[in-house]
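Right, one structure below, let's go through it.
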Amino acid sequence: MRALWTAATGMQAQQLTLDVISNNLANVQTAGFKRSRVDFQDLVYEMLQAPGASSAQGQEIPAGFQVGHGSRAVATQRLFIKGDLQQTGNSLDLAIEGDGFFQIQQPSGDIAYTRAGAFKKDSQGRLVTSDGFTLDPEITLPQNSTSVTVGVDGTVSVTIAGQQQPQQVGTIQLARFTNPAGLQSLGRNLFLPSQSSGDATQGTPGQDGLGTLIQGFVESSNVNVVEEMVGLIVTQRAYEINSRAIRTADEMMQTANNLVRV
Amino acid sequence: MDAAMYKALSGAIAQSRRLDVAAQDLANVNTSGYKGQRLAFSEVLANRLPTSERPGGLVAVGSQKTSLTQGEIQTTGNPFHLAIEGEGFFVVRTARGERYTRNGSFTLKSDGTVVSTNGDPVLGENGPIQITGGKMEVAADGSVRSGEGEVDKLKIVRLKDSRQAVKEGANLFSTALTNVQLAPEATVMQGGLEQSNVSPIDGMVALITIQRQFEAYQRAMGLMDDATQKMIAAGTN
């Protein structure tokens with residue numbers, strides 16, 4: 001009775017889907033968060049009768065008979081669909097309208113990538129993430145600056161107290177990937193490039209297919225609660241039906257046991 | 001008497017085979033590009049017996065068919081997710097040769113080759129597809145453009161006889177090369193994945209009927225056993 005084990009793999013697959021949906025739902029308010037989905041495959045098949053083989057009468061069997069062994073999860077993929085832009089009014093909140101990632105310098109020196117543009121100013125005036133990691137290239141706001149303006153092309157200019165002309169202090173650069181779904185999640189809204197994401201291509205916002213920057217907005221999570229709820233229902237039902245298959249297999253074995261009456 | 005017993009037994013075995021297949025389908029209700037299976041049963045004769053003594057009525061799995069009906073297409077927004085609308089299969093090059101799949105969940109290798117989630121290159125009409133220049137666009141007719149212009153056209157094939165398709169696992173089908181022909185008219189959708197075509201409701205109904213039929217065969221065997229027992233008892237009294 002293979003069905004028992006086959007259905008068990010189905011239940012495991014649904015459990016994993018539930019884990020991923022829960023993580024998506026837990027991040028429904030996380031700025032710059034991108035939802036994930038699980039990719040499944042069917043497991044190997046056992047060939048009980050090959051198609052095209054000869055039957056005893058010397059005739060060809062038109063179709064074979066194969067029994068599979070269930071399903072397994074092969075990958076989780078991030079879906080880089082755009083999240084809604086949410087106005088915050090904070091001049092250091094930046095959202096990317098279109099493709100691209102902010103480049104963040106990790107303490108280790110490696111560059112990580114993020115869509116979460118809620119930046120802060122540290123004690124030295126540098127633009128940092130909520131974890132204190134600096135933006136790359138580094139942007140430093142002078143101590144006596146009164147207001148900050150970020151242009152759509154990433155130009156950062158400040159007004160300094162006592163001066164009329166705004167002063168340019170740097171340009172924010174963005175990076176993009178051929179296959180963002182291949183990025184490796186690091187937590188803290190950060191992503192690392194991997195073999196399958198391709199190398200980062202740097203550029204100025206608004207050029208070479210990169211998105212433009214919008215000041216005073218953050219990109220909210222792209223998790224759609226309704227969609228995840230539907231996912232939960234589908235997952236639960238799929239889990240139930242696989243457990244039902246296990247019960248059926250069990251009861252059939254019980255029936256077979258009852259063939260012999262003592 | 002024995003013959004009837006074996007007929008009921010063959011029926012019970014057939015139902016347990018059906019359960020194995022139904023469980024496989026249900027385990028894959030969420031597998032992209034998965035195609036459900038159907039079993040057909042046929043009456044077989046016990047060939048070794050002389051014609052006059054053949055019992056008839058024994059049941060066995062006659063054939064199995066993969067149901068190639070279209071699954072629903074779910075939009076994901078990932079440019080490397082492709083779905084075929086209508087007939088056709090994507091072609092991937094595995095170490096064992098060309099294989100066919102309906103699961104268009106692809107990704108990129110470090111050298112720019114478009115690969116399946118198992119790392120097998122996806123084939124265009126001129127071999128593996130290489131993406132350079134930052135993006136991939138796939139038109140409805142399957143032609144692929146990268147950031148640097150036209151690259152290739154996805155190779156999409158059709159099976160002349162879908163009954164000859166052998167499932168290999170990992171969402172792959174294999175078949176004889178003579179059974180494959182190009183399907184240039186297939187429609188490809190970018191940014192979506194085809195869901196499994198297994199219906200959980202059909203699966204539930206199948207589970208119930210399988211179990212009840214299995215029970216019926218068991219009852220039949222029990223009754224025949226009772227009858228034999230009574231006969232023996234009548235003989236000894």
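FYI, it's all coordinate maths here, none of it is from the lab. Predicted, not measured: the structure shown is a model, and the values here were computed from it. With ideal geometry, Cβ positions are generated from the backbone for all residues, glycine too; neighbour counts draw on all protein chains shown.
For segment B:73-194, a/c is not less than 1.5, where a ≥ b ≥ c are the root eigenvalues of the C-alpha gyration tensor, and a/b tops b/c. That puts it in the prolate class.
With everything on Cα atoms, drop me the angle between helix A:225-257 and the longest principal axis of chain A, reported from 0 to 90° to the nearest 10. Once rounded, the angle reads 20 degrees.
The residue among B:GLN74, B:VAL21, B:ALA8 whose Cα reaches farthest toward the positive pole of the charge dipole of chain B, with charges on the beta-carbon of Lys, Arg, Asp and Glu, is B:ALA8. Which one of B:GLY127, A:THR155, A:GLY109 is farthest out on the positive end of the charge dipole of the protein assembly as shown, using unit charges on Cβ (Lys, Arg +1; Asp, Glu -1) and the Cα centre as origin? With unit charges placed on the Cβ atoms, the residue in question is B:GLY127. Pairs of Lys residues in chain B, spaced 8 or more positions apart or belonging to different chains, with C-alpha separations under 21 angstrom: 13 in total. For segment A:85-219, what's the relative contact order in percent, using C-alpha pairs closer than 8 Å and at least 6 residues apart? Computed over segment A:85-219, the figure is 33 percent. As a proxy for reagent exposure, ranking B:ARG38, A:ARG78 by other Cβ atoms within 10 Å from fewest up yields B:ARG38, A:ARG78. Since only B:VAL188, B:ALA233, B:ALA220 are under comparison, the one whose Cα sits farthest along the positive direction of the charge dipole of segment B:135-237, derived from C-beta charges on Lys, Arg, Asp and Glu, is B:ALA233. Taking all Cα pairs closer than 8 Å and separated by 6 or more residues, the relative contact order of chain B comes to 27 percent.
Shielding value for B:131-141 is 3, the average number of Cβ atoms from other chains within 10 Å of each residue's Cβ. Exposure proxy ranking for B:HIS81, A:HIS69, based on other Cβ atoms within 10 angstrom of each Cβ and starting from the fewest, stands as A:HIS69, B:HIS81. Taking every C-alpha pair closer than 8 Å and separated by at least 6 residues, the mean separation divided by the residue count of chain A gives a relative contact order of 25 percent. Angle of helix A:3-26 to the longest C-alpha principal axis of chain A, folded into 0 to 90 degrees and rounded to 10: 20°. A simple count of charges around A:THR248, restricted to other residues whose Cβ falls under 14 Å of its Cβ and scoring Lys, Arg +1 and Asp, Glu -1, yields 0.
Using a cut-off of 14 Å between beta-carbons, work out the net charge of the residues near A:LEU174 (Lys and Arg +1, Asp and Glu -1, A:LEU174 not included). Around A:LEU174, the surrounding residues sum to -4. May I ask for the angle, rounded to the nearest 10°, between helix B:2-27 and the longest principal axis of chain B, with both axes built from Cα atoms and the value confined to 0 to 90°? Here the helix axis deviates by roughly 20 degrees.
The alpha-carbon of A:LYS120 sits under 25 angstrom from the alpha-carbons of these lysines, leaving out residues fewer than 8 places away in its chain: A:LYS34, A:LYS82. Panel order for B:PHE106, B:PHE173, A:PHE133, by other beta carbons found within 10 Å of each beta carbon, from fewest to most: A:PHE133, B:PHE173, B:PHE106. A simple charge model with +1 on the Cβ of Lys and Arg, -1 on the Cβ of Asp and Glu and nothing else charged puts the dipole of the protein assembly as shown at about 1260 debye relative to its Cα centre.
Among the residues of A:238-250, the average count of other protein chain beta-carbon atoms within 10 Å of the residue beta-carbon is 6.
For the residues of A:163-173, the average number of beta carbons from a partner chain within 10 Å of their own beta carbon is 0. Sorting the segments B:29-36, B:13-20, B:147-154, B:222-229 by their residues' average number of neighbouring beta-carbon atoms within 10 angstrom, most packed first, yields B:29-36, B:13-20, B:147-154, B:222-229. Within the set of other residues whose C-beta is less than 10 Å from the C-beta of B:LEU154, count the net charge using Lys and Arg as +1 and Asp and Glu as -1. Charge balance in the 10 Å sphere: -1.
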